[in-house]
Each structure stands twice: as structure tokens, then as C-alpha cells.
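A.B. asks: Before I ask anything, let me first share the structure, which is written out below as C-alpha cells.
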Amino acid sequence: MEIYSVNEAVDRIESLDGFNVYLEGALSFEFEDMAIYHSVSSERRGRGYGSSIWLEVNDLLRFDRAVMEKWTGKKVLVEGVLVQPDPDFGAGHLGLWTATIVATDIEIS
């Protein structure tokens, strides 16, 4: 199992598109900001969004939203399918994110 940082996944988005991946980063689980950010803030690009991936969670997987909100700011490991941004829109709320991960599992790392 290879684990990617957010910046590594962003840099390799074309080759990882559509594949199940493991991402390690800082969780944000807030209104209009459900994302995984590169863990090392000094290495973040483009005011943060260049080093972030929109987090899509399916309600059928029964993620406990209260737990996810408590984990905001913590380093997590996310498993899911990585998806390139729409070329005309981007990814996530207002198209600000560099990609989307459709999460199947999230745990504290």
C-alpha cells in the first residue's frame, strides 16, 4: 500500500485519476470546506487550495459527521478513488480544489 501526500497526489493526478489511493493529510470537515490539505503548511501551494483535495463522502458509508468535525485539523489517512478536476470548473465548492477523492475510509493516522 503506497501512501501519498496531498502534494504528491496533485503532482501525479493524471496517472492516479480513477484509481483507489491512500492520502495522508490534514482533514477539514466544515461547511463548504470538506477537504484534505497537505500536512506541512509551509509546503502548501497557492494559498492552500493548490495543496488540497476536495473530500466527497457518501452518506451510505455512514461516516459519523460529528466525529469527522472533531477530527478537523488532525492528520488523517483517507482511502478512496482520486478524480481529476473538471477542466471547465475544477473540483469541490466553487471549483477551488485541485482534485476530488471519493472516500471509502477515513482514520486518524
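Any read-out appearing in this document is the output of simple, stated calculations on the displayed coordinates, not a laboratory observation. Computed from a predicted structure; not experimentally measured. Using ideal geometry, Cβ is built from the backbone for each residue, glycine included, and neighbour counts are taken over all protein chains shown.
A.B. asks: For the chain, what is the relative contact order in percent, using Cα pairs closer than 8 Å and at least 6 residues apart in sequence?
C.D. replies: Details: 238 pairs, mean separation 33.8, N = 109.
Relative contact order, the chain: 31 percent.
A.B. asks: Quickly estimate the mean residue ellipticity at 222 nm for the chain, helices only: each DSSP H run with n ≥ 4 gives -39500 (n - 2.57), and the total goes over all residues, rounded to 500. Intermediate values should be presented prior to the final figure.
C.D. replies: Numbers: 3 runs with 16 residues, N = 109.
Estimated from H runs of four or more residues: -3000 deg cm²/dmol.
A.B. asks: Further question: Could you list 42, 28 in order of exposure, starting from the residue whose Cβ has the fewest other Cβ atoms within 10 Å?
C.D. replies: Result, fewest neighbours first: 42, 28.
A.B. asks: So, one more: Once the piece of chain linking residue 104 and residue 67 is laid out straight, how much longer is it, given 0.36 nm per residue of separation minus the C-alpha distance between them?
C.D. replies: Numbers: separation 37, 0.36 × 37 = 13.32 nm, distance 1.55 nm.
Net length gain for the segment: 11.8 nm.
A.B. asks: Could you list 88, 33, 105 in order of exposure, starting from the residue whose Cβ has the fewest other Cβ atoms within 10 Å? Please list the in-between numbers first.
C.D. replies: Details: 88 6, 33 17, 105 12.
Lowest count first: 88, 105, 33.
A.B. asks: How large is the dipole of the chain about the Cα centre if only Lys and Arg carry +1 and Asp and Glu carry -1, each at its Cβ, rounded to the nearest 20 debye? All intermediate terms of the calculation are to be shown ahead of the outcome.
C.D. replies: Working: 9 positive and 19 negative charges, 75 e Å.
Using Cβ point charges on Lys, Arg, Asp and Glu, the chain gives about 360 debye.
A.B. asks: Still on this structure, please answer the following. Roughly how many nanometres apart are two label points built 7 Å out from the Cα toward the Cβ at residue 31 and residue 88?
C.D. replies: So the two model labels end up 3.0 nm from each other.
A.B. asks: Further question on the same structure: Note down, for region 3-108, the three equivalent ellipsoid semi-axes (square root of 5 times each alpha carbon gyration tensor eigenvalue), biggest first, whole angstrom. List each step's numbers first, then the result.
C.D. replies: Working: eigenvalues 68, 46, 37 Å².
Its equivalent ellipsoid spans semi-axes of 18, 15, 14 Å.
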